[in-house]
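The values are calculated or read from the model by the stated rules, or taken from the named source; none is laboratory data. None of the values given here were measured: they were computed from a predicted structure. Note that we place each Cβ from the backbone using ideal geometry, even for glycine, and neighbour counts take in every protein chain shown. Surface areas here come from the heavy atoms of the whole protein model, side chains and all, with no ligands, DNA or RNA. Shrake-Rupley method; radii C 1.70, N 1.55, O 1.52, S 1.80 Å.
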Amino acid sequence: MVRSPRHTRATVQEICLLAEEAGVRAMRFYRGRASVAFKKDSSPLTDADRASHDFLIRFLPALIPGVPVISEESQDPTLGLNDGNGRFWLVDPLDGTKEFLKGTGEFTVNIALVEQGRPVIGVVHAPALGVVYFAELEGGAFRRSHKEAPVPVRAQRLNRGPIRVVASKDHPGPLIAGMLARLPGAELKSMGSSLKFCLVAEGNADIYLRDLPTMEWDTAAAQCIVEAAGGRVCTLDGKPLRYGKPGLKNPAIITVADPDLPWKTFLDGNPQIRHDTHQKSDHIYRTPGQVTTQQREVRNGHAGCVLWLTGLSASGKSTIAAELERQLFNRGSQVCVLDGDNVRHGLCSDLGFTQEDRTENIRRIGEVAKLLAGNGIICITAFISPYRADRDLVRKIMPEGRFIEVYINAPIEVCEARDPKGLYAKARSNEIKNFTGISAPYEPPEHPEVELRTDLLGSGECVDCILEYLDRFAESWRSIQGKSQIASATKHQP
């Protein structure tokens, strides 16, 4: 590949300065100060597009003499496509003109240097946001905000959290709905202009599917940033997106943060995949201990069980759980609390709040609670656990009678009035997504063992109700233990 002798970090910084100055000129027409015309393809053209274009066409050629500049606003963009060495500049002087007109700030100035069909330098500047992304294909990708020092950006390998899909605000495309249907629990992000690619490059999104037409100047600079950050941009047949094509038109493309992501399974109707792609080994065996559950319970003087407190946020679950633990501890019981927020700092720190992640959160807690109860411990859990099916699954893995569902019942109006953490206010202002009771459902228990109206009862009264239930449970357990001991003695009589 022929390389320009000035193909250096200094050149990249010069391109950044040009992009920022072009942004300054575009911003003079921001928010109502730009006249609008429409091109043959019905896309808008503003004074800001023209001002940015005129500046870049004038000053960009001086950086690498002889390399032609291809701009979206050029009269004949394909004229003099390269310099004989396969090099040319690709410029979109204002990507996201509709976002510019709407005043969202999600528009960019894009500049790319293409060599032999690949973008090797890319700069994406969002002037209204004060952010510039820049990259050399072999030198890494960076982000600079408000003239601060640049920081490296890196695309993120797929983890156990929800797959994050970014889509165009104005042109989501027909394949998006199908892909989302095959990705239950996926987190959808909307963004304008080339900033969608940048979300992938900096680790804030996993996939960007663009199945509607684009032009090469729409994608070149951002593709360089994604690929320098470790991601991949390709056509839907899996081939790298190339440049200098006849007419400069792109086919449908997909951008992924993790090059190993099996993205084709999301598009072709193959079976859904889970975020957790690890397969269970066939060589795992249970190891029995030498102390039985019954022996532990006899030593403790009580049965192991799970008290599953469920209800809306701010209904009183954690308060009741903490007081109940104290009183049981004072009685000499072996007791512990698993609290929703505490568990998400460790065991479930990789999970979000989509329906799929909530289900996985409760599955993990259920298995831990089962182990604790099986060791003779009274395990109190305080989780919203909004889905009835998830709670029922935990009940099914427990021995009969050892899962005690406690419905902490408070009307949402009461919970919202309490709001000790300010979460309802944030959910109402859309700062928190998938918030139970506001933007996500809560399915109350149909037949809980205990139901407590915390809008009518104090926490102490609620604890007394649970203890009363536990006393009856203990009587039943002692009765069973007595019968078991009699049966055992009879069996061993001569």
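Keeping all protein chains in position, work out how much accessible area residue 443 exposes to a 1.4 Å probe, and write it in Å² to the nearest 10. Solvent-accessible area, nearest 10 Å²: 60 Å². Which angle between 0 and 90 degrees, to the nearest 10, do you get for helix 9-27 versus the longest principal axis of the chain when only C-alpha atoms count? Tilt relative to the chain: about 90 degrees.
The charge dipole of the chain, taken about the Cα centre with unit charges on the Cβ atoms of Lys, Arg (+1) and Asp, Glu (-1), comes to about 680 debye, rounded to the nearest 20.
Model label sites at residue 322 and residue 363, defined 7 Å from Cα along the beta-carbon direction, differ in position by 3.2 nm. For the listed peptides 211-218, 59-66, a ranking on the average number of other beta carbons within 10 Å per residue, highest first, reads 211-218, 59-66. Taking all protein chains together and rolling a 1.4 Å probe, residue 384 ends up with roughly 50 Å² accessible. Summarising the amide proton neighbourhood of residue 153: residues at separation of 5 or more, or on other chains, whose placed amide H is nearer than 5 Å comprise 141, 142, 143. Rounded to the nearest 5, the antiparallel percentage of DSSP beta bridges internal to the chain is 60%. Measuring against 30 Å, Cα to Cα, the residue pairs 196/433; 102/264; 264/426; 147/264; 147/249; 147/245 contain 102/264; 264/426; 147/264; 147/249; 147/245 as the ones spanning a longer distance. Stretching the chain fully between residue 129 and residue 239 yields a gain of 36.3 nm (0.36 nm per residue, less the alpha carbon separation). Each residue of region 115-124 was assigned a 3J(HN,Hα) from its phi angle through the Karplus expression (A = 6.51, B = -1.76, C = 1.60, θ = phi - 60°), giving 10, 6, x, 10, x, 10, 10, x, 10, 10 Hz with x at Gly and Pro. Between residue 295 and residue 453, the FRET efficiency from the beta-carbon distance, with R0 = 45 Å, is close to 0.70. Counting every alpha-carbon pair across the chain, the share separated by more than 30 Å comes to 59%. In degrees, nearest 10, range 0 to 90: what is the angle between the Cα axis of helix 317-330 and the longest Cα principal axis of the chain? It is inclined by approximately 40 degrees. By accessible area, using a 1.4 Å probe on protein heavy atoms only, region 153-238 has 53% of its surface on carbon and sulfur. Taking amide H as placed 1.01 Å from N in the peptide plane, residue 167 has its amide H under 5 Å from the amide H of 189, 190, 191, each at least 5 places away in sequence or on another chain.
Applying the Karplus relation 6.51 cos²θ - 1.76 cosθ + 1.60 with θ = phi - 60° to region 347-354 yields 3J(HN,Hα) values of 3, 10, 5, 8, 9, x, 10, 6 Hz, where x marks Gly and Pro. Using the Stokes-Einstein relation with a Kirkwood hydrodynamic radius computed over Cα pairs, the translational diffusion coefficient of region 158-243 at 4 °C and a viscosity of 1.567 mPa s comes to 97 µm²/s. With a Förster radius of 60 Å applied to the beta-carbon distance between residue 467 and residue 430, the computed FRET efficiency rounds to 0.90. Calculated FRET efficiency, residue 355 to residue 421, Cβ-Cβ distance, R0 = 25 Å: about 0.70 to the nearest 0.05. Computed 3J(HN,Hα) for region 378-387, one whole-Hz value per residue from the Karplus formula 6.51 cos²θ - 1.76 cosθ + 1.60 where θ = phi - 60°, is 7, 9, 9, 10, 10, 9, 4, 6, x, 9, glycine and proline marked x. Annotation: residue 243 carries an accessible surface of approximately 20 Å², with a 1.4 Å probe and no ligand, DNA or RNA atoms counted. Sorting 154, 358, 344 by solvent-accessible area of protein heavy atoms yields 154, 344, 358, largest first, with a 1.4 Å probe. Solvent exposure of the chain, expressed per residue, is 49 Å² of accessible area, with all protein chains present and a 1.4 angstrom probe.
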